[in-house]
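**Q** There's a structure below that I have some questions on.
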């Protein structure tokens, strides 16, 4: 029976789910087309019908992961009325907690950053991070504008938030003896944006 376009897409999605598990658990060097085929339950020929080689499969897997864990896209789906600090803490929690897709993205950056053949993959990952940074900038700029905080620079806060997030993720992956509890995350996010929110919080409690 001839495959329909829908059947072909289902098979491709199944391959990408399987390749993600293989690349995430075993790394690029120890993942083979044969292993992915076994993971998915298809023949090697089926994988080669969709992807020319392992490099093409890896690129597609990274794109698949970005589609499932683009924090910049997720952030823009949060309610516009959500307070700035609540919004940021929600994003930080989602990224820092055990998130296999985000973990894979960082591994992909570490693996592909010095490999010219994966420059397009790195570009896609950088674009994803840029979308999250842009969201931080826009939210801080909106807060500054709404509260008429003259002299405040949204770039300063966006930079600080981005560096805080990267530092937290590094702390997690290096297993450093530093707490990453929900309270700890909230306190550090608050400290980072305190000038943008503290007067507002005081007014709300009066």
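Taken together, the values in this text are just the output of simple stated rules run on the coordinates, not laboratory data. Because the structure is a prediction, the values reported are computed rather than measured. Because the Cβ atoms are built from the backbone with ideal geometry, glycine has one as well, and the counts that use them run over all protein chains shown.
**Q** Report which label in [x] 13.3; [y] 16.2; [z] 14.6 holds the value of mean projected area of the Cα convex hull in nm² derived from the coordinates of this structure.
**A** [z]
**Q** Next question, about the same structure. Under 1.5 on a/c is rounded, so check that first for the range 94-206, then, if it is not, pick prolate when a/b is larger than b/c and oblate when it is not; a ≥ b ≥ c are the square roots of the alpha carbon gyration tensor eigenvalues.
**A** Judged from the Cα gyration tensor, the range 94-206 comes out oblate (a/c at least 1.5, b/c at or above a/b).
**Q** Residue 52 to residue 150: extension gain in nm, 0.36 nm per residue of separation minus the Cα-Cα distance?
**A** So the chain would gain 29.8 nm between residue 52 and residue 150.
**Q** Could you check the spin-label model distance between residue 119 and residue 68? Points 7 Å from the Cα along Cα→Cβ, value in nm.
**A** 3.0
**Q** Roughly what angle does helix 5-26 make with the longest principal axis of the chain, taking Cα atoms, 0 to 90 degrees, to the nearest 10?
**A** So the helix axis and the longest Cα principal axis differ by about 70 degrees.
**Q** So if the hydrodynamic radius of the range 13-83 is defined as the Kirkwood radius over C-alpha pairs, what does Stokes-Einstein give as its diffusion coefficient at 10 °C and 1.306 mPa s, in µm² per second?
**A** For these conditions, the coefficient is 120 µm²/s.
**Q** Determine, for 98, 159, the number of other Cβ atoms within 10 Å of each Cβ, and report the residues in order from fewest to most.
**A** With the fewest neighbours first, 98, 159 line up as 98, 159.
**Q** Rounded to the nearest 10 degrees, what's the angle between the helix 182-205 long axis and the longest principal axis of the chain, both from Cα atoms, 0 to 90?
**A** 40
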